[in-house]
Amino acid sequence: MHTANSQSIWTAMSERAMHPDPWTNEPTPGIVEKWEIPDNTHFILRVRQGVKIHNKAPWNGREFSAEDLAFNIDRIAGNTAAAEGLQKSAFQRANTFEGMSKIEVVDKSTVRITMASPSSAWLKGFLEWRNVMMPKGIVEVGFKDPMKFGGISPFMLTEYQEGTREVYSRTDNYYRPNEPYFDKFVQIAIPDRAASLAAFVSKQVSHMSSPTAQEIKTI
């Protein structure tokens with residue numbers, strides 16, 4: 001996810017650490033439940049307890065921890081590029097973490113970020129909508145087979161046909177009680193605009209964006 005220009009499978013099967021409020025843009029809790037700014041060069045992030053990674057090897061339903069959070073921050077910054085044999089430029093949002101000098105795992109639920117100099121931009125970068133969390137160990141598992149991916153959203157990828165169809169099914173260990181509200185969602189790939197229109201009219205899909213006047217007439 002850290003090298004993605006836009007949405008990906010991870011957007012559906014995992015979550016961000018924190019979210020900007022849609023009205024005020026203030027940081028709101030997600031996987032990171034609490035945070036502190038004790039001085040002008042440190043951010044303290046505390047991971048919510050009870051957030052479970054999907055029950056797939058090698059994670060097998062374990063809790064998402066500070067180690068996982070630190071891994072994501074380090075990788076978003078492009079610090080793992082050389083070890084992975086990638087160009088640092090592949091990490092699209094690395095420059096939003098500019099000035100970060102240290103990432104420390106304080107305990108199983110706490111990460112401390114140290115900045116080389118005061119910066120309010122780091123937190124804004126952290127809230128970027130494409131910074132979806134992945135579990136530590138995903139690089140070793142690899143990115144070629146999405147059925148091996150483990151996320152932290154209420155939906156786990158249960159069927160994958162490249163370029164055709166993705167099925168996400170609810171998990172029973174989501175941290176927010178009584179969620180999700182439905183059992184499954186299916187995402188299908190549609191090759192062109194005419195096929196999109198036909199799929200919408202036949203109720204294969206429930207959404208069609210920016211229809212033209214002629215398409216509205218057809219609908």
So, in the range 93-114, how many residues would count as being part of a strand (DSSP E or B) and not hydrophobic (A, V, I, L, M, F, W, C)?
7
Whether any residue in the range 189-210 is of a type in the set (K, R) and closer than 14 Å to M13 by Cα is what I want to check.
no
Assess whether S109 counts as being open to solvent by 10 Å² or more (accessible area, probe 1.4 Å), touching a strand residue (DSSP E or B) at 6+ places or on another chain (Cβ under 6 Å) and among the small types (G, A, S).
yes
Would you list the strands (runs of 3 or more DSSP E) that sit entirely within the range 1-75 and hold 3 or more residues that are exposed (fewer than 14 other Cβ atoms within 10 Å of the Cβ)?
32-39
Could you tell me whether the range 84-92 includes any residue that is open to solvent by 20 Å² or more (accessible area, probe 1.4 Å), assigned to a helix (DSSP H, G or I) and either touching a residue at least 12 places away in the same chain (Cβ under 8 Å) or touching a strand residue (DSSP E or B) at 6+ places or on another chain (Cβ under 6 Å) (or both)?
yes
In the range 198-209, what residues are under 22 Å from Q7 (Cα atoms) and open to solvent by less than 100 Å² (accessible area, probe 1.4 Å)?
A199, F200, V205, M208, S209
Considering the range 159-180 alone, what residues qualify as being acidic (D, E) and either surrounded by 17 or more Cβ atoms within 10 Å (Cβ to Cβ) or within 13 Å of E15 (Cβ to Cβ) (or both)?
E166, E179
Only one of G78, G125 is of a type in the set (G, A, S), on the phi < 0 side of the Ramachandran plot, touching a helix residue (DSSP H, G or I) at 6+ places or on another chain (Cβ under 6 Å) and surrounded by 17 or more Cβ atoms within 10 Å (Cβ to Cβ), namely G125
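The values are calculated or read from the model by the stated rules, or taken from the named source; none is laboratory data. Everything quoted here is computed from the prediction, not taken from an experiment. Virtual Cβ from ideal backbone geometry, glycine too; neighbours counted across all protein chains shown. Accessible surface is based on the protein model in full, side chains and every heavy atom, while ligands, DNA and RNA are left aside. Shrake-Rupley method; radii C 1.70, N 1.55, O 1.52, S 1.80 Å.
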